[in-house]
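Student: Here it is, the structure, as C-alpha cells.
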Amino acid sequence: MYLPNHFQWGTQTYLMGVINVTPDSFSGDGLGQKAELVTAALELGTKFVKDGAHLLDIGGESTRPGSSPITVSQELDRVIPVIQTLAANISVPISIDTSKSIVADAALAAGASIVNDVWGLRQDPELGNIISKHRSAVILMHNSSRPLDTETNEVLGNRYTTTLYNDLLPRIRTELENSIAMARNANIDKENIVIDPGIGFGKSVSQNKRLINELHYFTELGYPILIGPSRKSFIGYTLNLSVDERLEGTAAAISIGIARGADIIRVHDVKSIARVARMTDSLVRNT
C-alpha cells in the first residue's frame, strides 16, 4: 500500500466507512450480534462504497468508554473472515482498526493495507515493525484516555473522563510527533503515515470542539489528517441527543473539520456525510 497512489491530498476529502464487527459498538451499529456476520459486513461494505466511501475501516474490538478488552483470538475470529471477504469483493483499500501486532499481521496478510491504531504505536512495541514488514500504511491517533475511567448518562451514554492538559494543542502535537518518530524508526515510509488528533478520546466537550475548530494547527506537521467525530458523545452532550440522533451534529463537525484541514473523515453515515463533504469541498477547495 502506498497512500499517494490512492489519495491525492488536498484535492478532495476522502471518506472512511466504519464497519464494526463487535456486539458493543458505542454507535449502535456493531454487526457482532448478527448470525451471518461476514455476509452482513459485505453487504454494508458494498453499500458504503456505492454511497461514496473511499476506504473501509474494520474493527473487532470496541473502543467505547467502559468497554471490556477481548483476547487476540476473539479479535482475529471477528475480523479476519470479514477482511478476506471484503478484499475479494471490494476494490477500495481496507483498514484494520487494531492496536495488536498479531491482529495487524494477520489482517494485512488477509487483504488489509492500512492499520488504524488508536494508541499511535504506544501500546504494542511490535506493531510498527509489522506495518513496516508489510509495507503498509498507518493512521496514528492521539489517545490519552483510560478505558475504565468513564462518566455515564442514561440518555447520552458513556464518555471518557477528561485528561488534564496544561496546554491542549501543543501536548497533542508533541505526542503525535512521538508516534510519528516511532513509525519512522520502524522504517514506515513518511508517505504512508496519517495522523489523527483523537477526537473523543480523553478530551472534554469543549476540548473536542476546540480541537475541530483549530485543526489547522496540526497541518504544520506535514501529514494528512484524519478525524472521527461521527456520533461522538461531545455532539450528544452539546445538543442533548442520544447516539441515534447525532447526524446533523456530525455533519456540522465534519464540515468545519474539512474547512480546517481534514483530509479523511471516519464516518458511520456514509451516504449523508458524503454529500456534506462534497458540498464543503466545493466551498473550501473550489472543486
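The values are calculated or read from the model by the stated rules, or taken from the named source; none is laboratory data. A quick note: this is a predicted structure, and the numbers were derived from the prediction, not measured. Cβ coordinates were reconstructed from backbone atoms using ideal geometry, including for glycine residues, and neighbour counts include every protein chain displayed.
Student: With (1) at pLDDT 95 or above; (2) part of a strand (DSSP E or B) as the list, and T152 as the residue in question, which single condition is left unmet?
Tutor: (1)
Student: Separate question: Looking only at region 231-268, which residues are farther than 23 Å from F218 by Cα and out of contact with any Ser or Thr (no Cβ under 7 Å at 6 or more places or on another chain)?
Tutor: Answer for region 231-268, where residues must be farther than 23 Å from F218 by Cα and out of contact with any Ser or Thr (no Cβ under 7 Å at 6 or more places or on another chain): Y237, T238, L239, N240, L241, S242, D244, E245, R246, E248.
Student: Might you check whether a residue that is at pLDDT below 95 and surrounded by fewer than 18 Cβ atoms within 10 Å (Cβ to Cβ) occurs anywhere in region 48-67?
Tutor: Yes; the residues of region 48-67 include at least one that is at pLDDT below 95 and surrounded by fewer than 18 Cβ atoms within 10 Å (Cβ to Cβ).
Student: Select from region 232-243 the residues that are touching a strand residue (DSSP E or B) at 6+ places or on another chain (Cβ under 9 Å) and touching a residue at least 60 places away in the same chain (Cβ under 8 Å) and list them in ascending order.
Tutor: Listed by number, the residues that qualify are S233, F234, G236, Y237, S242, V243.
Student: Find the residue count for region 203-224, including only residues that are over 14 Å from G261 (Cβ atoms) and surrounded by 22 or more Cβ atoms within 10 Å (Cβ to Cβ).
Tutor: Count: 2.
Student: Scan region 99-124 residue by residue and report those that are under 15 Å from M182 (Cβ atoms) and either touching a helix residue (DSSP H, G or I) at 6+ places or on another chain (Cβ under 6 Å) or free of Cβ contacts under 8 Å to residues at least 24 places away in the same chain (or both).
Tutor: Within region 99-124, S101, A104, V115, G120, L121, D124 meet the criteria.
Student: Just to verify a result, which residue in region 126-149, among those that are buried (at least 18 other Cβ atoms within 10 Å of the Cβ) and modelled with pLDDT under 95, is nearest to A106 (Cα to Cα)?
Tutor: N143
Student: Go through region 75-98 and report how many residues are out of contact with any helix residue (DSSP H, G or I) (no Cβ under 7 Å at 6 or more places or on another chain), surrounded by fewer than 24 Cβ atoms within 10 Å (Cβ to Cβ), at pLDDT 95 or above and polar (S, T, N, Q).
Tutor: 0
Student: Taking the condition modelled with pLDDT of 95 or more and among the basic types (K, R), does R260 pass?
Tutor: yes
Student: Might you check whether a residue that is among the aliphatic types (A, V, I, L, M), at pLDDT 95 or above and closer than 15 Å to G120 by Cα occurs anywhere in region 199-213?
Tutor: Yes - at least one qualifying residue is present in region 199-213.
Student: Among the listed residues G45, G17, which satisfies the condition of being under 19 Å from the mean Cα position of the chain (by Cα), closer than 21 Å to K271 by Cβ, modelled with pLDDT of 95 or more and in a helix (DSSP H, G or I)?
Tutor: Unique residue meeting the criteria: G45.
Student: I would also like to ask the following. Select from region 263-287 the residues that are among the hydrophobic types (A, V, I, L, M, F, W, C) and in a helix (DSSP H, G or I) and write down the one among them that is surrounded by the fewest Cβ atoms within 10 Å (Cβ to Cβ).
Tutor: Of everything passing the filter in region 263-287, L283 is surrounded by the fewest Cβ atoms within 10 Å (Cβ to Cβ).
Student: Within region 250-262, track down each residue that is crowded, with 20+ Cβ neighbours inside 10 Å and either within 25 Å of V21 (Cβ to Cβ) or among the hydrophobic types (A, V, I, L, M, F, W, C) (or both).
Tutor: Within region 250-262, T250, A251, A253, I254, I258, A262 qualify.
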